[in-house]
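Below is one structure, written out as C-alpha cells; the observations come after it.
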Amino acid sequence: VLYFGTDRHWNSRKKIKELMEIPRCLDMYVNDYQMHVFEVAWLTEEQISHFRSDFKVVANFFVQKRKNKDYIPDDPTEIRHVDEVLKLLQVMTGDRRYEEIFRKKKEGVHSMCDVAERLEQMGIAKGIEIGRSEGRTEGKIEGKIEGKILVYRNLCREGFDEKKARKLAELPEDVSLEQ
C-alpha cells in the first residue's frame, strides 16, 4: 500500500482486520491479510535516490511537502510521463490545478520546475482577474456616488437647500462634496 499523507497514523505493517469493524459472527469468514504500507512522504533521501522512474519525482514532491507546506516544486529531474504524474498529483493532493495544467497546455512541461512555473502563471492570471473584478466593482460604486453628487449639485442650482438636495440625491451624510 502506498500512503501519500503527511501525518503518520499508519504503522509500517497493518492487518486488514485492524482497520475494520467486523461483527464477531462474521470474523471467521474474513481473512486477516497483512499489508505493507509505504509512507511515501516519510521516505528518506537515500530511499528516494533508489527510484529510477517518475515515481522518484513524485516521492520527492511529497517528502518536500511534508517538510514545508509552502513548498514550491523545484525538482529539475525530467518527467517522462507528464500526463500520469500530473494526474497522480491532482488525485493525491486534491489540487485541481494539476489537472488544469494537464488539460490546458502540457507541452513544455518537462520537470516539476515547469509545473511550478505553470502554477505561478495560473496564480498571476487569477490575481489579475480578481484585481480587474474588484476594480470594476469599485468603479461602479465611485460612479454611482459621482452621479449622486452631480444630482445633488443640480438640485442646489435649482434652489433646493443642501439638506433637502442631499436627501433627494440619496447621498449619505459621510460623503464629502468637495471636488
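The values are calculated or read from the model by the stated rules, or taken from the named source; none is laboratory data. For clarity, every value in this text was computed on a predicted model and none was experimentally measured. Glycine also receives a Cβ, built like all others from the backbone with ideal geometry; neighbour counts cover every protein chain displayed. The protein model used for the area step is the full one, side chains on, heavy atoms only, and it has no ligands, DNA or RNA in it. Shrake-Rupley method; radii C 1.70, N 1.55, O 1.52, S 1.80 Å.
Observations, loosely collected:
- Histogram of C-alpha separations across the chain, 10 Å bin width, %: 8, 22, 17, 13, 11, 11, 10, 6, 2, 0
- Taking θ as phi - 60° and the Karplus parameters 6.51, -1.76 and 1.60, the scalar couplings of the range 76-84 work out to x, 4, 5, 9, 7, 10, 4, 4, 5 Hz in sequence order, x denoting glycine and proline.
- Helix-derived mean residue ellipticity, 222 nm - over the chain, DSSP H n ≥ 4, -39500 (n - 2.57), to 500: -17000 deg cm²/dmol
- Per-atom-type breakdown for the range 97-154 gives carbon and sulfur 54% of the accessible area (1.4 Å probe, protein chains only).
- Computed with a 1.4 Å probe over protein heavy atoms only, the accessible area of GLU162 comes to about 130 Å².
- Under 5 Å, built H, 5+ apart or other chain: amide partners of PHE38: LEU2, TYR3
- The stretch between THR77 and LEU171 holds 27.6 nm of extra length on full extension. This uses 0.36 nm per residue minus the Cα-Cα distance.
- Partner lysines for LYS126 [C-alpha distance under 24 Å; skip if fewer than 8 residues away on the same chain]: LYS65, LYS69, LYS87, LYS104, LYS105, LYS106, LYS140
- Near ALA165: Cβ cut-off under 12 Å, other residues only, Lys/Arg at +1 and Asp/Glu at -1. The net charge is +3.
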